[in-house]
1. Just wondering, is there one or more residues in segment 408-419 that are over 25 Å from E168 (Cβ atoms), crowded, with 21+ Cβ neighbours inside 10 Å and either of a type outside the set (F, W, Y) or touching a Ser or Thr at 6+ places or on another chain (Cβ under 9 Å) (or both)?
2. Could you please give the count of residues in segment 286-330 that are part of a loop (DSSP other than H, G, I, E, B) and open to solvent by less than 40 Å² (accessible area, probe 1.4 Å)?
3. Can you tell me which residues in segment 234-253 are surrounded by fewer than 19 Cβ atoms within 10 Å (Cβ to Cβ), touching a strand residue (DSSP E or B) at 6+ places or on another chain (Cβ under 7 Å) and not polar (S, T, N, Q)?
4. Of the numbered conditions (1) within 23 Å of E378 (Cβ to Cβ); (2) surrounded by 19 or more Cβ atoms within 10 Å (Cβ to Cβ); (3) at pLDDT below 95; (4) of a type outside the set (A, V, I, L, M, F, W, C), H487 fails exactly one; give the number of that condition.
5. Just give me the residues in segment 361-410 being of a type in the set (G, A, S) and under 19 Å from R338 (Cα atoms), in sequence order.
6. Against the conditions (1) at pLDDT 75 or above; (2) surrounded by 15 or more Cβ atoms within 10 Å (Cβ to Cβ), where does Q125 fall short? Just the number, please.
7. Assuming V428 fulfils every condition listed in (1) within 15 Å of F169 (Cα to Cα); (2) free of Cβ contacts under 8 Å to residues at least 12 places away in the same chain apart from one, which condition is it?
8. Filtering segment 331-384 down to residues that are surrounded by fewer than 18 Cβ atoms within 10 Å (Cβ to Cβ) and basic (K, R), which residue is farthest from the chain's Cα centre (by Cα)?
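The values are calculated or read from the model by the stated rules, or taken from the named source; none is laboratory data. Bear in mind the structure is a predicted one, so any value in this text is a computation, not a measurement. No Cβ is skipped: glycine too gets one built from the backbone with ideal geometry, and neighbour counts run over all protein chains shown. Please note that ligands, DNA and RNA were not included when accessible areas were found on the heavy atoms of the full protein model with its side chains. Shrake-Rupley method; radii C 1.70, N 1.55, O 1.52, S 1.80 Å.
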Amino acid sequence: MRRNYKPEGKGHKRHWRRRQSHWQSDDRYRPRASSDLPNSNISAASSSGSTPSSSVPELPGFYYDPEKNRYFRLLPGHNNCNPLTKEGIMKKEMEVKRLQHLEEDENRKKSSRRGLNASLLHRKQQLGLLPSTTYCRRIHELKVSCMQRKEVSIVNPEPVGAGTHRYEFILADSSCERLFAVNDVENGVCKYGLLNLNGLWKDVPTVESHDDNPYFTNQKVVTACWASLNAPDSHILVCLLGKPEAPGYVSLFPACRFRTLSELDDVRPEVVYNIRISAWSCAWCLNPQLDCSYAAGLRNQVLILNTATDVQHTFRTNSDVLAQQFATQTLLLYNGCRSGEVFSIDLRVPYQSPTNWKKAVSFSQSSSISCLRLLNDENYLVVSDMSGKIKLWDLRMVKCVQDYEGHVNSYAHLPVHVREDEGLLLAVGQDCYTRIWNFQDGRLLRTIPSPHPASKDSIPSIVFSSYQGGKRPVPGLLMAVKKDLYHFTYDSDDI
């Protein structure tokens, strides 16, 4: 029997199409299975990072929220009540990673190498299987992996004002007994003074502030270094950045200005030298052949000044000089430029004019130079730039002999710390992580996350030494971030 099928009405067909379009509009922001995608071979490897959203494809202009399991449009502006921007998303993801790394760092294994422990190293050293220098480096490597964080209490002679907030940077003297600390105060004002480290050995580490009469300035402190004018670390050399309404200064003043009021004499010592010029970098010369002299890196020139004779020498360059360091065994000054060039000036060679002089050594890296560190063997120089590259150069062959991978930097003037006796190299990146490398082979030993959320204004400043604190030395890492000081001390119980 033949059956006749009646076509359904047009109204029913329109209703079905409306339901289908409504279902498609609801599901268009939800991720589909990889088999339904036109390019199903796109996997998590093509997505960014190790975030929870790495299992779904990226859509230009959209952000995937793994909690709500759907895509949201990235808004271009900030006129909405709750805009989603790439900066905000990246900041949120970085904070999630930082908290994970903090938890992992607290529960991490107490050894950076397989089979590395103090008893085994000591046994090998007794049997003559391990040289003494290698034994010392391995022990410091083991101690670095065992460092535990403690908060440092700051003892102030007078209460600190409410406007004082984050540390700009800290700088230790050669004996690691004092810190020169620069604080950023509200309304663009900087305060700088000294911190005494004699109390780091206590159960609750303490430092004493010697800034009863601290120096205040409305100009940014670009850089500073300790100067040995009439005694080791007797003075401090400070570079203040100039403004349209105020010129820059390079000031040399005695460290005794920061003693407590009861220790100060009736007549305070005046500033030894104060030159009105804007400098990007400075370096004090410890070579006795060039006594009482310092160098300043300026815009397209290098200035060398003798504070005793007031004699100045100027060398014209093709780029701004951002980093400097004197050699101690020879009369050489190493300079790092904004262009990425590193060159040395031989001060033994006479020159006729600021433009008529020759470079002793010259080579380049891929970006602006941020820090120079000359080793005890002055044939080697550590150079870091603003692309995150840290390299060890052999100055005799003018060749890079070692890379230190993992550093993060794109534009900041970030220092590098070299501890040759311990066989360590340390640096803080723009991501606010402190990284420690084995200086010999360039292997990354430990990555320490910041105790505070990462931001451009909270990059930690560190000091590392195996004899911090003077009379009762406490080895470890001292970190200044925001208002706080932290001490990562060697824990002998774990070793």
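1. Looking only at segment 408-419, we keep the residues that are over 25 Å from E168 (Cβ atoms), and these are none.
Within segment 408-419, none of the residues are over 25 Å from E168 (Cβ atoms), crowded, with 21+ Cβ neighbours inside 10 Å and either of a type outside the set (F, W, Y) or touching a Ser or Thr at 6+ places or on another chain (Cβ under 9 Å) (or both).
2. Of the residues in segment 286-330, 7 are part of a loop (DSSP other than H, G, I, E, B) and open to solvent by less than 40 Å² (accessible area, probe 1.4 Å).
3. Scanning segment 234-253 gives a single hit, L241.
4. It is condition (1) that H487 fails.
5. Initial filter on segment 361-410 (of a type in the set (G, A, S)): 362, 364, 366-368, 370, 384, 387-388, 406, 410.
Listed by number, the residues that qualify are S362, S364, S366, S367, S368, S370, S384, S387, G388, S410.
6. Status for Q125: all satisfied but (1).
7. V428 satisfies all of (1) within 15 Å of F169 (Cα to Cα); (2) free of Cβ contacts under 8 Å to residues at least 12 places away in the same chain except (2).
8. R348
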